[in-house]
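Undergrad: One structure coming up, written as structure tokens, with questions to follow.
The values are calculated or read from the model by the stated rules, or taken from the named source; none is laboratory data. Computed from a prediction, not measured in an experiment: that's the story for all the values here. Note that each Cβ is placed from the backbone with ideal geometry, even for glycine, and that neighbours are counted across all protein chains shown.
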Amino acid sequence: MSTVPVRLNVNGVKHTLEVEPRLLLVHALRDKLALTGTHVGCDTSNCGACTVHLNGEAVKSCTMLAVQADGEEVTTIEGLGTEDDLHPVQEAFWNNHGLQCGYCTPGMIMAGAALLAENPDPSETEVRHALEGNLCRCTGYHNIVKSILDAAGRSSSEVSA
């Protein structure tokens with residue numbers, strides 16, 4: 001099987017990987033770099049559990065080949081914050097019970113963080129729109145939206161039931 005070199009800057013660390021041209025970015029992150037916070041939920045781009053940032057934009061890493069990310073900057077959930085210094089969205093998820101089983105959480109946090117980077121003061125409607133491509137099978141949407149609005153500095157009382 002032939003491989004090609006791929007250069008990725010992942011969470012601020014430069015990597016050169018030898019990958020099959022058909023390897024998905026999600027599998028390069030999980031299997032080659034051991035960054036397992038990026039989840040594989042559906043392999044069809046429906047769930048959003050694999051959401052990462054590519055050059056600051058939220059993308060579903062199961063819909064992208066690793067070779068398409070060659071030379072680009074990738075941020076995974078592991079690179080968003082640290083245990084001692086959580087990203088505001090991570091902290092808000094913790095404070096507002098924005099997770100249940102946790103499977104969708106990395107993708108939801110990455111989608112929320114991308115939204116806030118682009119729009120630091122979103123409405124509830126804008127948050128819900130930004131999360132449309134991410135599924136929570138535990139139906140935790142209310143607290144997920146509440147968490148993102150809290151990270152934006154909005155009062156949780158502003159979230160409709």
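Undergrad: Being closer than 23 Å to Thr139 by Cβ and either out of contact with any Lys or Arg (no Cβ under 8 Å at 6 or more places or on another chain) or small (Gly, Ala, Ser) (or both) narrows it down to one of Cys104, Cys62, Cys50, so name that one.
TA: Only one candidate passes the filter, namely Cys62.
Undergrad: In addition: Please determine, by comparing only the residues of the stretch 6-40 that are assigned to a loop (DSSP other than H, G, I, E, B) and either in contact with a Leu (Cβ under 8 Å, 6 or more places away or on another chain) or not assigned by TED's automatic domain parsing to the domain that holds Glu72 (or both), which one is surrounded by the most Cβ atoms within 10 Å (Cβ to Cβ). Steps first, please.
TA: Quick first cut of the stretch 6-40, residues assigned to a loop (DSSP other than H, G, I, E, B) only: 11-12, 20-23, 33-40.
Of the ones still in play, those that are also either in contact with a Leu (Cβ under 8 Å, 6 or more places away or on another chain) or not assigned by TED's automatic domain parsing to the domain that holds Glu72 (or both) are 11, 21-23, 33, 35, 38.
Values: Asn11: 19, Pro21: 12, Arg22: 10, Leu23: 19, Leu33: 18, Leu35: 19, Thr38: 25.
Of everything passing the filter in the stretch 6-40, Thr38 is surrounded by the most Cβ atoms within 10 Å (Cβ to Cβ).
Undergrad: Please verify whether the stretch 88-100 includes one or more residues that are out of contact with any strand residue (DSSP E or B) (no Cβ under 6 Å at 6 or more places or on another chain), assigned to a loop (DSSP other than H, G, I, E, B) and surrounded by fewer than 19 Cβ atoms within 10 Å (Cβ to Cβ).
TA: Checked against the condition, which is being out of contact with any strand residue (DSSP E or B) (no Cβ under 6 Å at 6 or more places or on another chain), assigned to a loop (DSSP other than H, G, I, E, B) and surrounded by fewer than 19 Cβ atoms within 10 Å (Cβ to Cβ), the stretch 88-100 yields at least one hit.
Undergrad: Restricting to the stretch 58-87, what's the tally of residues that are among the hydroxyl-bearing types (Ser, Thr, Tyr) and buried (at least 16 other Cβ atoms within 10 Å of the Cβ)?
TA: 3
Undergrad: Here's something else I'd like to know. Among the residues of the stretch 10-56 satisfying the criterion of being of a type in the set (S, T, N, Q) and at pLDDT 95 or above, which is nearest to Gly102 (Cα to Cα)?
TA: The residue in question is Thr38.
Undergrad: Another one. Name the residues in the stretch 47-57 that are surrounded by 14 or more Cβ atoms within 10 Å (Cβ to Cβ), more than 19 Å from Thr16 (Cα to Cα) and touching a residue at least 60 places away in the same chain (Cβ under 8 Å), would you?
TA: Those that are surrounded by 14 or more Cβ atoms within 10 Å (Cβ to Cβ), more than 19 Å from Thr16 (Cα to Cα) and touching a residue at least 60 places away in the same chain (Cβ under 8 Å): Cys47, Gly48, Ala49, Thr51.
Undergrad: Considering the stretch 136-152 alone, what residues qualify as being in a loop (DSSP other than H, G, I, E, B) and touching a helix residue (DSSP H, G or I) at 6+ places or on another chain (Cβ under 9 Å)? Walk me through how you get there before you give the answer.
TA: Filtering the stretch 136-152 for residues in a loop (DSSP other than H, G, I, E, B) gives 136-140, 152.
Residues satisfying the conditions are Cys136, Gly140, Ala152.
Undergrad: Could you list, in sequence order, all residues of the stretch 118-130 that are more than 13 Å from Asp150 (Cβ to Cβ) and either among the charged types (D, E, K, R) or surrounded by 13 or more Cβ atoms within 10 Å (Cβ to Cβ) (or both)?
TA: Glu118, Asn119, Ser123, Glu126, Arg128, Ala130 - these are the residues of the stretch 118-130 that are more than 13 Å from Asp150 (Cβ to Cβ) and either among the charged types (D, E, K, R) or surrounded by 13 or more Cβ atoms within 10 Å (Cβ to Cβ) (or both).
Undergrad: Condition test on Gly41, is it touching a residue at least 60 places away in the same chain (Cβ under 8 Å) and either closer than 30 Å to Arg22 by Cα or small (Gly, Ala, Ser) (or both)?
TA: Working: touching a residue at least 60 places away in the same chain (Cβ under 8 Å): yes; either closer than 30 Å to Arg22 by Cα or small (Gly, Ala, Ser) (or both): yes.
Against the criterion (touching a residue at least 60 places away in the same chain (Cβ under 8 Å) and either closer than 30 Å to Arg22 by Cα or small (Gly, Ala, Ser) (or both)), Gly41 qualifies.
Undergrad: Related question: Looking at the stretch 118-133, which of its residues are under 13 Å from the mean Cα position of the chain (by Cα) and at pLDDT 95 or above? Write out each step before concluding.
TA: So the first thing to find is which residues in the stretch 118-133 are under 13 Å from the mean Cα position of the chain (by Cα), and the list is 130-131, 133.
Across the stretch 118-133, the qualifying residues are Ala130, Leu131.
The rows are residues; the columns are (1) in the same structural domain as His142 (by TED's automatic domain parsing); (2) hydrophobic (A, V, I, L, M, F, W, C).
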residue	(1), (2)
His53	no, no
Lys60	no, no
Gln68	no, no
Gly71	no, no
His97	yes, no
Cys101	yes, yes
Gly107	yes, no
Gly112	yes, no
